[in-house]
Each structure stands twice: as structure tokens, then as C-alpha cells.
Amino acid sequence: MKYTLILVSSLLILAAAGCEKKADQSSAQNASATVPAAGAAKNVSTVATVEKRADQKVPLFSWTDETGKKVTIDEFAQGGGVLINFWATWCGPCRKEIPDLVSLDEEYRTKGVKVLGISVDRDGDAVATVTEFVNGSGMKYPVVIDNGELEKAFGGIRGIPTTFFVDKNGTITQRMIGLQSRATFAQGMEKVKP
């Protein structure tokens, strides 16, 4: 009985802090997520290219923006800071952070810090799943659906949510794993503000 109580308590603590990543699916299933779904949100895209960089630099990756133009993380950042949040639609703690990220995106965009969501959804039609969630949650910042390569370039994402703060020079200054408060995000954004 004592061990059962300890096990249940431990599981509840882990669930509150973050979600364990689901196992990757086959690349054939992942490839199906590269074609945008009909009625897709304009701010939802898939990873186009990924290139790991040396040291603490953010990986160079690209996606297609709402106009159909290829955008790199360097172009998106344009000398400002970026909060990059790895998340999934099925992750409770991730979903809990979204309203704070939406609010902070609106507040900090004018201060030179942008928010970028990286979805690790890969079930079925990931584009449709993520688009539906984005439309329903008021996420106006760009959301890129990872194919697994971006996670690897960031050094592996073991649990979600995982958040990275990147300064104006493209250097990763902080990595946080698990559910974070609005105040914690704001502190990180202040540190990478140009």
C-alpha cells in the first residue's frame, strides 16, 4: 500500500511537470504531415530543412510562412530574441501553457522578442490536428510541425513542453523542461530582449 501511494504520487508529479514524448512513428507516416491540409491555419507549417550548428547556436531550420515564402529561423528572429516552445496537442501541461504564450507573444512582439511553437504531433494527419488546435486556442504566432529532425538538432527533446530562449545572436541562452509559469517565461524573454 505504501509503495502504491508513492508510485501514484510520483506519477502525478511527473504529469504536472510535463509529458513523456511519444515514440517516433515511421518516416512514411511522418512524410504525410508535409502536405498542408485544406483550410489549414495560415500560421501552421511543417519543417522544410534542418541543419545543426556548432556550439550553443540555435539550429538553422526553415518552414513556409502564410504567404508561401520559405523562412529561416535567422530571418524570423531578425536580430531579436525568440522563445521556442516544443509542445503537442495531446500534452496537458503544454496545453496549459498556451494561453500564457499567446499573451506573452502579443506583449513582447513589440519589444523585439517573438514566440515560435514547434509541434511534435505525428499521429495521423498532424497538420489537420495541429491546425484545429491552433484555430481553437487563439495562437497567432507561427507553429511549425517537426518531423523529428529538428528535435535531434536541438540535442533531443526528452519531454514536453520544452522551451528554449534564443538571444539576438542566435545563441541558446536557456532551456526549460516541463510546465512553466507566465512569470518564468517573461523573465526569460526579458533576458533575450534586444
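So the values come out like this:
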{"read-out": "Sparse-neighbourhood loop sites, GluC sites (Glu not before Pro) in region 47-156 - DSSP loop, at most 13 other Cβ within 10 angstrom", "value": "Glu66"}
{"read-out": "Ratio Rg/Rh, restricted to region 70-173 and using Cα atoms, in which Rh is the Kirkwood radius", "value": "0.94"}
{"read-out": "Overall form of region 17-192 per C-alpha gyration tensor (a/c, 1.5; a/b vs b/c)", "value": "rounded"}
{"read-out": "Region 67-129: trypsin sites (Lys or Arg not before Pro) in DSSP loop, at most 11 other beta carbons within 10 Å", "value": "Lys69"}
{"read-out": "Loop chymotrypsin sites (Phe, Trp or Tyr not before Pro), region 70-171, which have at most 16 other Cβ atoms in a 10 Å radius of their Cβ (DSSP)", "value": "Trp90"}
{"read-out": "Tensor-based shape of region 128-192 (alpha-carbon gyration tensor, a/c under 1.5 rounded, otherwise prolate or oblate)", "value": "oblate"}
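Read the figures in this text as sums done on the coordinates, not as results from a lab. Remember, predicted model here, so these are calculated numbers, not experimental data. All Cβ positions, glycine included, derive from the backbone under ideal geometry; neighbour counts span all protein chains shown.
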